[in-house]
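The values are calculated or read from the model by the stated rules, or taken from the named source; none is laboratory data. All figures in this text were calculated on a predicted structure; none of them were measured in a lab. Virtual Cβ from ideal backbone geometry, glycine too; neighbours counted across all protein chains shown. Ligands, DNA and RNA are excluded from the accessible area calculation, which covers all protein heavy atoms including side chains. Shrake-Rupley method; radii C 1.70, N 1.55, O 1.52, S 1.80 Å.
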Amino acid sequence: MRNDILEIFDEIEELLERERKHVLRGDLSKFAELLNEKEELLQRLSGVQTEESPRVQMMQSRMQYNQSLLEAAMRGIKSASERLQDIRSVRDGVETYDNRGKRKHLPNTGARRFERRA
């Protein structure tokens with residue numbers, strides 16, 4: 001029984017390392033597969049009495065680290081998406097304010113140059 005538990009721990013640790021590498025490479029397409037594997041391994045581990053508390057704590061720490069990496073990647077994707085939307089919106093024109101502080105839309109007149117001042 002102890003060897004089974006150690007084998008599951010080894011498999012979880014290997015999966016967490018693969019998950020970390022996928023996040024760092026930006027390869028998020030594998031996450032559904034990894035999630036299924038993780039759920040299966042955790043299911044195998046549930047209900048098993050273990051004295052491997054330090055190892056469990058280490059795995060929890062690695063899971064939290066991977067989660068923070070994934071959240072950062074998702075924030076990056078969202079930021080990039082918002083930036084692309086901003087760039088696309090310039091094609092239609094620019095939102096600015098007039099001398100009275102009212103919002104004003106300046107349509108794109110077809111000119112290819114746009115000067116931006118702070």
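Tabulated data
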| quantity | calculated |
| --- | --- |
| Close pairs from segment 1-25: first touching a residue at least 60 places away in the same chain (Cβ under 8 Å), partner open to solvent by 100 Å² or more (accessible area, probe 1.4 Å), Cβ under 6 Å, at least 6 apart | none |
| Which listed residue is β-branched (Val, Ile, Thr), at negative phi and loosely packed, with under 10 Cβ neighbours inside 10 Å, from ILE77, ILE87, ILE5, ILE12 | ILE87 |
| Options SER68, SER61: the member that is under 19 Å from GLU14 (Cβ atoms), exposed (fewer than 13 other Cβ atoms within 10 Å of the Cβ), out of contact with any helix residue (DSSP H, G or I) (no Cβ under 7 Å at 6 or more places or on another chain) and hydroxyl-bearing (Ser, Thr, Tyr) | SER61 |
| Selection status of ASP92, over 23 Å from the mean Cα position of the chain (by Cα) and more than 30 Å from ILE5 (Cα to Cα) | yes |
| Residue in segment 45-52 that is open to solvent by 60 Å² or more (accessible area, probe 1.4 Å), charged (D, E, K, R) and at pLDDT 85 or above present | no |
| Extreme residue, surrounded by the most Cβ atoms within 10 Å (Cβ to Cβ), among residues of segment 95-118 that are within 32 Å of the chain's Cα centre (by Cα) and at pLDDT below 80 | ARG116 |
